[in-house]
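Q: To start, I am sharing the structure in question, which I have written as structure tokens.
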Amino acid sequence: MEGRLADCAAVIMPGLPLSSLAFGCTSATMVIGEEGLFARLREARPEAGPTTPITAAFAAFRAFGARRLAVLTPYRADVNATVRRYIEARGFEVPVFGSFDEEDDYRAARIAPASIRDAAIDLGRDPRVDAVFVACTSLRVAEVAVEVEVTLGKPVTSSNHAMAWHALRLAGIDDRLPRWGGLYAS
């Protein structure tokens with residue numbers, strides 16, 4: 001995958017400058033590494049501010065002032081271990097971790113937002129955490145983000161939720177869209 005990133009980035013609106021460019025896979029970003037991934041994207045699109053789901057999540061955690069995270073994934077145990085190590089290696093604590101333990105990405109994409117909401121609320125109730133992160137671009141959180149935040153009194157974001165916000169911010173767009181949760185209200 002890493003070897004094709006520059007070629008793929010080059011075919012996105014060729015000839016037109018991009019303000020931001022998002023690579024949309026949380027676990028692949030952690031395996032490749034953000035800087036390696038950014039280097040490949042910049043080969044084709046040096047003008048674009050790059051982001052990934054985890055890069056954006058880190059920016060969201062900083063915007064929230066969050067240091068201690070409840071993390072929810074659809075992943076199997078070995079991928080979960082990588083996710084936890086990656087986040088903790090960047091200075092965040094993960095006192096609570098939950099997973100749907102799904103190996104098939106197609107089934108992960110069919111996990112109902114209500115199930116994600118319930119799991120995020122359950123993990124986020126832990127008093128040791130100050131934010132909830134739902135990792136994986138296959139999980140739909142935007143439609144339940146406000147409900148989770150209202151229930152917990154804590155911010156929530158996900159791979160896609162944070163990545164869309166971060167791509168907008170990198171492009172200089174800072175519209176406030178509170179219907180998508182606290183991250184979009186700031």
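The values are calculated or read from the model by the stated rules, or taken from the named source; none is laboratory data. What you see is a predicted model; the values in this text were computed from it and never measured. With ideal geometry, Cβ positions are generated from the backbone for all residues, glycine too; neighbour counts draw on all protein chains shown. Ligands, DNA and RNA are stripped out before the accessible areas are found, and what is left, the full protein with its side chains, is counted by its heavy atoms. Shrake-Rupley method; radii C 1.70, N 1.55, O 1.52, S 1.80 Å.
Q: Given an 8 Å cut-off on Cα distances and at least 6 residues of separation, report the relative contact order of the chain as a percent. Each step should come with its number before you reach the end.
A: Working: 334 pairs, mean separation 45.1, N = 186.
Value for the chain: 24 percent.
Q: Under a 5 Å amide H to amide H cut-off, with H placed in plane at 1.01 Å, what residues pair with residue 71 once short-range neighbours are removed?
A: Here 96, 97, 98, 133 satisfy the definition.
Q: While we're on this one: For residue 82 and residue 12 in the same chain, what is the full-extension length gain: residue separation times 0.36 nm, less their Cα-Cα distance, in nm?
A: Values: separation 70, 0.36 × 70 = 25.20 nm, distance 3.00 nm.
The span from residue 82 to residue 12 would gain 22.2 nm if fully extended.
Q: Sort out for me the Cα centre separation of the stretch 1-52 from the stretch 154-186, rounded to whole Å.
A: Here the two parts' Cα centres lie 20 Å apart.
Q: List the trypsin sites (Lys or Arg not before Pro) within the stretch 81-186 that fall in a DSSP loop (any state other than H, G, I, E or B) and whose Cβ has at most 13 other Cβ atoms within 10 Å. Write down the numbers at each step before the final one.
A: Working: sites: 84, 85, 90, 107, 110, 117, 125, 128, 140, 169, 176, 179; in loops: 90, 110, 125, 128, 140, 176.
Sparse-neighbourhood loop trypsin sites (Lys or Arg not before Pro): 90, 110, 128, 176.
Q: On to the next question. Nearest 500 deg cm²/dmol is fine: what mean residue ellipticity at 222 nm does the chain get from its DSSP H runs of n ≥ 4 alone, each adding -39,500 (n - 2.57), divided by its residue count?
A: Values: 10 runs with 89 residues, N = 186.
Theoretical 222 nm ellipticity from helices: -13500 deg cm²/dmol.
Q: OK, next. Between 142, 167, 81, which gets the highest mean-square fluctuation from a Gaussian network model of the chain, Cα cutoff 10 Å?
A: Checking each option, the largest mean-square fluctuation is seen for 81.
Q: Return the loop-located chymotrypsin sites (Phe, Trp or Tyr not before Pro) in the stretch 1-102 (DSSP other than H, G, I, E, B) with at most 15 other Cβ atoms within 10 Å of their own Cβ; answer none if there are none. Write out the running numbers ahead of the final one.
A: Values: sites: 23, 38, 58, 61, 64, 75, 86, 92, 97, 100; in loops: 23, 75, 92, 100.
Passing both the DSSP loop test and the Cβ count: no residue.
Q: Just flag the trypsin sites (Lys or Arg not before Pro) in the stretch 23-73 sitting in loop per DSSP whose Cβ has no more than 16 other Cβ atoms within 10 Å. Present the calculation step by step, with values, prior to reporting the outcome.
A: Details: sites: 40, 42, 62, 67, 68; in loops: 67.
Here the trypsin sites (Lys or Arg not before Pro) that fit, given the DSSP loop and packing criteria, are 67.
Q: May I ask you to list the residues of the stretch 63-81 whose amide nitrogen lies under 15 Å from a point 7 Å from Cα along the Cα→beta-carbon direction of residue 107?
A: 74-77
Q: To continue, here is another question. Run the numbers on the stretch 87-186 and let me know its relative contact order in percent, using alpha-carbon pairs under 8 Å that are six or more apart.
A: Values: 117 pairs, mean separation 22.5, N = 100.
Relative contact order here is 22 percent.
Q: Find out how many positive minus negative residues lie around residue 59, taking Lys and Arg as positive, Asp and Glu as negative, among other residues whose Cβ is under 12 Å from that of residue 59. Could you put the intermediate results ahead of the total?
A: On the way: positive: 62, 90, 169; negative: 34.
So the surrounding residues net to +2.
Q: State the percentage of accessible surface on the chain attributable to carbon and sulfur atoms; use a 1.4 Å probe and exclude ligands, DNA and RNA. Spell out each step's value before the answer.
A: Values: 4640 of 8760 Å².
Looking at the chain in its full context, I get 53 percent from C and S.
Q: Averaged per residue, what accessible area in Å² does the stretch 4-125 show with a 1.4 Å probe, protein chains only?
A: Values: 5850 Å² over 122 residues.
Spelled out: the 1.4 Å probe surface of the stretch 4-125, per residue, equals 48 Å².
Q: Per q in 0.15, 0.26 1/Å, what log10 I(q)/I(0) does a Debye calculation on the alpha-carbon atoms of the stretch 83-151 return?
A: Result of the Debye calculation: -0.51, -1.29.
Q: For the modelled label position 7 Å from the Cα of residue 67 along Cα-to-Cβ, which residues of the stretch 88-132 have backbone nitrogen atoms closer than 15 Å?
A: Within reach of a label on residue 67: 88-95, 128-131.
Q: I'd like the Karplus ³J(HN,Hα) series for the stretch 104-119: coefficients 6.51, -1.76, 1.60, θ = phi - 60°, whole numbers in Hz, and an x wherever there's a Gly or Pro.
A: Result, rounded to whole Hz: 9, 4, 5, 6, 4, 5, 9, 5, 5, x, 5, 5, 5, 4, 4, 5.
Q: Right, next: From the protein chains alone at 1.4 Å, what is the descending order of accessible area for 52, 137, largest first?
A: Working: 52 0, 137 40 Å².
Ranked from most to least accessible, the order is 137, 52.
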